[in-house]
Each structure stands twice: as structure tokens, then as C-alpha cells.
Amino acid sequence: MSSDTLPKKDAPLSGAASPKKLSADEVRAFNHAHPELVAEDMELLGIIIPDAYAEGGTTFDMQRFAIDRLKSQHDEIIRQRDRAMNALRVNAAVNARMQSAVLAILEARNFEDMVRVIANRLVNHIEVDRVMLCVEETHEGMIDNLTDAEKLGVRIVPECAVDAMLGEGGNALLETDTRGPAMLFGPSGRDVRSYALVRLAFSPIAPPALLALGSHSPDTFDTSQGTDILEFLARVIERQVRAWLGLPEA
């Protein structure tokens, strides 16, 4: 780009077309092509370089400026690395907890034992405060095994409740800093401050269901988190329910 393309400092504005607005890339390219213009413009250097590096008059400590800038960039790289390492540690911990939960479900001796594991033991494996296995009550009534399972910890919810909570066709939902729905968590929902819901599709002949995980901490679950691990847990539960009850696949 030529310096002729830049508007002259004292050019009259009346009756003239508005000067072209330069993009950041165009300004950068111009400065790369004409570095002497910046180096020789003390007023411009005074704007670009903080006052802390001015040594009076037209002198600037460029070496200290460059070193401090490199140190700042290095510190930012270290912070990014630490954030990445922390995310890896968190993901590893979540995966380990989920693997423990899946093994507990697979080790259940029968259907009733599996329901007890989900209702009573998953809270320790996943490190949440509430785990609810919620199943819709249909007009045809619950199938016998799930009716009996209600006594073991299965929570019966109204018909269409799963779609109402997840949206029609929705598979999972994460809510942060929100009180848990009493329909899913019962009276203890008032202590739930963040929660995760994941759809359970046992079989065409079984009612719709969902798994609800609740935490007393407002930021345990967040809408920015992925749901892959929760959905994997749901698929494990679906397969075990079908196996124990002899249900056809969904």
C-alpha cells in the first residue's frame, strides 16, 4: 500500500468524499511496509508505548518495553496451559467417577438391586446430592416391575412430563443456579441448586423416563458443559433395564 492512499493531514473536508475507512489488517500492512514512519514519529510512539517507558523528551526504553511484553505473553501462555491442565484433570476425574457408577450398575444382582444402586449409591459414585430415576405414569398404567420398583426409589411423574422437561425429542438438559423441580426431586428439590436431566428410552412398551441428578452447589452443572458422559450412563441404564425385564429394544 502506498502512503499516497492515506488522507493528507491538512486536506479540506468540505465537498470531499469521506476517506476510506482502513481495516486493522491494512494499517498493520502499511506499518510493516513503512516502519520508519512509526520509528520517527515521537508523538505516535508516545501513544503506542506506555509512559512508564519514556525517559524524557524523545527517548524511550525500547529494550525494557520489549522484555516486559515478552514476559506478559509468557505469563499468558502459562495461564492458558494451567487452564488446559486443570480441564484435563477435571475431565479425568469425571470419567473415573462415571466408570465407577457404570460398574456399580453392571454389578447389580437383579432388577431391584439395580434400582437401589441408582437411587441410593450413584450419589457417591458421581459425587452429587440427589439421583432420581423418574418414570411417567401412562393411561395404560405402569408395567408390573416398575410399579414394584416405585417402592425402591423410582419416582412416578405425570404423563408427558419427560417431554415437558427436556423438550420434544430433547435428550439432555443442564441447569445452573436453579432450584430443582419438585416434580422430579420431591420436597428435597428445594435444596437442589443445579441439576442435570437425561432421557431414558427403555422400550416401545415402557413409559418414557429420565434420570435426574441434583447438586446443592449452584455450579456443579452448567449449560456450557457437554452431556456425552451423562448420555452414556443413560444408555447403560437402558440396556440393563431391558436385560432384567426382558423388554424389546427401543
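We did not get these values from a lab; they are worked out from the coordinates using the rules stated. Please read these numbers as outputs of a predicted model, since none were measured by experiment. A quick note on method: Cβ atoms are made from the backbone with ideal geometry, for glycine too, and the neighbour counts reach across all protein chains shown.
Could you tell me the calculated FRET efficiency between Arg116 and Ser188, based on Cβ-Cβ distance and R0 = 25 angstrom, to the nearest 0.05?
Given R0 = 25 Å and the Cβ-Cβ separation, E is 0.90.
For Arg81 and Thr227, compute 0.36 nm times the residue count separating them, minus their Cα-Cα distance, and round to one decimal in nm.
Gain on extension, Arg81 to Thr227, equals 50.1 nm.
Among Met165, Met85, Met132, what is the fewest-to-most ranking by other Cβ atoms within 10 Å?
Met85, Met165, Met132
So what are the stretch 110-245's ellipsoid semi-axes, whole angstrom, largest first, if each one is the square root of 5 times an eigenvalue of the alpha-carbon gyration tensor?
Semi-axes, largest first: 22, 16, 15 Å.
Which of Ile126, Leu210, Val198 sits farthest toward the positive end of the charge dipole of the stretch 110-245, with +1 on the Cβ of Lys and Arg and -1 on the Cβ of Asp and Glu?
Positive-end residue among those listed: Ile126.
Using label points projected 7 Å from each Cα along Cα→Cβ, tell me how many nm separate Asn124 and Lys151, to one decimal.
Rounded to a tenth, the inter-label distance reads 2.5 nm.
Would the stretch 168-250 count as rounded, prolate or oblate if I go by the C-alpha gyration tensor, calling it rounded below 1.5 in a/c and otherwise prolate when a/b exceeds b/c, oblate otherwise?
prolate
Where does each of Phe221, Phe232 land when they are ranked from fewest to most other beta-carbon atoms within 10 angstrom?
Going from least to most buried by this count: Phe232, Phe221.
Within the stretch 196-231, which residues have the backbone N less than 11 Å from the label spot 7 Å out from Asn91 along Cα→beta-carbon, could you tell me?
The answer is 226, whose backbone nitrogens lie closer than 11 Å to the label point.
When Cys160, Cys134 are ordered from fewest to most other Cβ atoms inside 10 Å of their Cβ, what list results?
With the sparsest Cβ surroundings first, the list reads Cys160, Cys134.
Give the long-range amide H neighbours of His216: residues separated by 5 or more places, or on another chain, with amide H under 5 Å away, using H modelled in the peptide plane at 1.01 Å from N.
Those qualifying (amide H under 5 Å, at least 5 residues apart or on another chain) are Asp129, Arg193.
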